[in-house]
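The block underneath contains the structure these notes are about, expressed in structure tokens.
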Amino acid sequence: MASSTRVDLDGNPIKPMTICMIGAGGFIGSHLCEKILSETHHKIHAVDVYSDKIKHLLEPADLPFADRIQFHRVNIKHDSRLEGLIKMADLTINLAAICTPADYNTRPLDTIYSNFIDALPVVKYCSENDKRLIHFSTCEVYGKTIGCFLPKDHSLRQDPSFYVLKEDASPCIFGPIEKQRWSYACAKQLIERLIYAEGAENGLEFTIVRPFNWIGPRMDFIPGVDGPSEGVPRVLACFSNNLLRREPLKLVDGGQSQRTFVYIKDAIEAVLLMIENPARANGHIFNVGNPNNEVTVKQLAEIMTQVYSKVSGELSLEEPTIDVSSKEFYGEGYDDSDKRIPDMTIINKQLAGWNPKTSLWDLLESTLTYQHRTYAEAIKQATAKPVASS
């Protein structure tokens, strides 16, 4: 339970606050709700259209923190209750977004509306009512690295200044308009610019978070079990689905893109510091990732195959991966960034004491243990062939 003597990074007592969390029922929101309820005295207005991932926090009513979280089934696109909820809160956290790459090509309009148009009222209400905003953006706003435009054998490709991504220095480089994969990154960048402008011109107190591949339990869905059969979640859930079904992991264009991965529980520690240290967090954009956990997507597949074999007790397939083209997997209009390595200077300076601790192997072992325990039996039953009657 929460200590009664919590202090911020500067030694000041932390006063309990009311938080309006938009998108509380999602992957990040569910972990953030758990953290806030178990370690602080803050109250949460949990705003979402779904509550499955936080139902363990809402039921039963005799939970020790049940009086500190209220669920509001609100679609922020068209619900007049939104402004009232923001007015009642000291802080609004906006997590709501369409954020699966498979949707960027096939649903670019929904992607742009979800990540820009639907966020406009949230920013407006916070600004007009003098309410603080923590807005979740994405590392995808950086797009491609400068280094990727150099010849493959060029020595400068190895120079960190050509690929490490800095909040206040790196350019945002997107592909051409016909590559609709960038609809998400572009919408996210535009809402960032709007928030920044509201801060500069109207005094909005804001913090912008750029997550670098946060992964862990409850991320996305497993197609055909707790999500649409034809759905394509992000890479962790895609690979988990293949492993659970004993199918080869599909490597898009050979899985050569490089990524860094951070454990959700490490990342949430950083968010709590932002919540409780407004003097250090306001006006800043923060990369939140783990540069020590950098691998290609192909290497991620190889490690996940090893880890899943350990946690499930099943032997790996003889051919654990297959290559597929991005057009085959995602459809027309797909493009990708080459590397996403976060510079951590600003967050290390402003939120002193935060550093991600969990290695890639350990976070995958924890996550795949959860995936196996949660889904393995359901998938067995769903795929079992009915016994022919005699």
Using the structure shown, list the pairs from Lys35/Lys339; Lys53/Lys188; Lys152/Lys327; Lys144/Lys250; Lys53/Lys265 with a Cα-Cα distance above 20 Å, or answer none. Lys35/Lys339; Lys53/Lys188; Lys152/Lys327; Lys144/Lys250
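For the range 134-186, take the convex hull of the Cα atoms, compute a quarter of its surface area, and give me that in nm², please.
Working: hull surface 17.7 nm².
Result: 4.4 nm².
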Separation between Cα centres of the range 60-81 and the range 206-250, rounded to whole Å: 26 Å
Check cross-link reach from Lys349 to the lysines: straight Cα distance under 20 Å, and skip same-chain residues fewer than eight apart. Lys166, Lys357
Among the aspartates and glutamates, which fall within straight-line cross-link reach of Lys77, defined as a Cα-Cα distance under 14 Å, with same-chain neighbours fewer than 8 residues apart omitted? Asp48, Asp110, Asp118
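Which order do Leu9, Leu37 take when ranked by solvent-accessible area (1.4 Å probe, heavy atoms of all protein chains), largest first?
Details: Leu9 60, Leu37 0 Å².
Descending accessible area places them as Leu9, Leu37.
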Relative contact order for the chain using alpha-carbon pairs under 8 Å, separation at least 6, rounded to a whole percent? 17 percent
Solvent-accessible area of Ser325 with every protein chain in place, 1.4 Å probe, in Å² to the nearest 10: 50 Å²
In the chain, which helices (entire DSSP H runs) extend 15 Å or more along their own long axis, judged by Cα positions, while averaging at least 1.0 on the Kyte-Doolittle scale? 264-276
With a cut-off of 8 Å between alpha carbons and a minimum separation of six or more residues, what is the relative contact order of the range 242-299 in percent? 53 percent
Local electrostatic count, Val311, Cβ distance below 13 Å [Lys/Arg +1, Asp/Glu -1]: -1
If you add up the charges near Gly231, with Lys and Arg at +1 and Asp and Glu at -1, over every other residue whose beta carbon is less than 13 angstrom from its beta carbon, what do you get? -2
Taking a probe of 1.4 Å, how large is the accessible area per residue of the chain, in Å²? 47 Å²
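Roughly to the nearest percent, how much of the accessible area of the range 1-95 is carbon and sulfur, given a 1.4 Å probe?
Numbers: 2390 of 4710 Å².
Accessible surface attributable to carbon and sulfur in the range 1-95 totals 51 percent.
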What percentages, rounded to whole numbers, describe P(r) for the range 147-265 computed over all alpha carbon pairs with 5 Å bin width beginning at zero? 2, 8, 11, 16, 18, 17, 13, 9, 5, 1, 0
Which of the aspartates and glutamates could a cross-linker bridge to Lys15, judged by Cα under 16 Å and excluding same-chain residues fewer than eight apart? Glu39, Asp90, Glu276
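The values are calculated or read from the model by the stated rules, or taken from the named source; none is laboratory data. What you are looking at is a predicted structure, and each value in this text was computed from that prediction instead of being measured. Quick reminder, even Gly has a Cβ in these numbers, built from the backbone with ideal geometry, and neighbours come from all protein chains shown. Quick note on the areas: whole protein, heavy atoms, side chains included, nothing else; ligands and nucleic acids left out. Shrake-Rupley method; radii C 1.70, N 1.55, O 1.52, S 1.80 Å.
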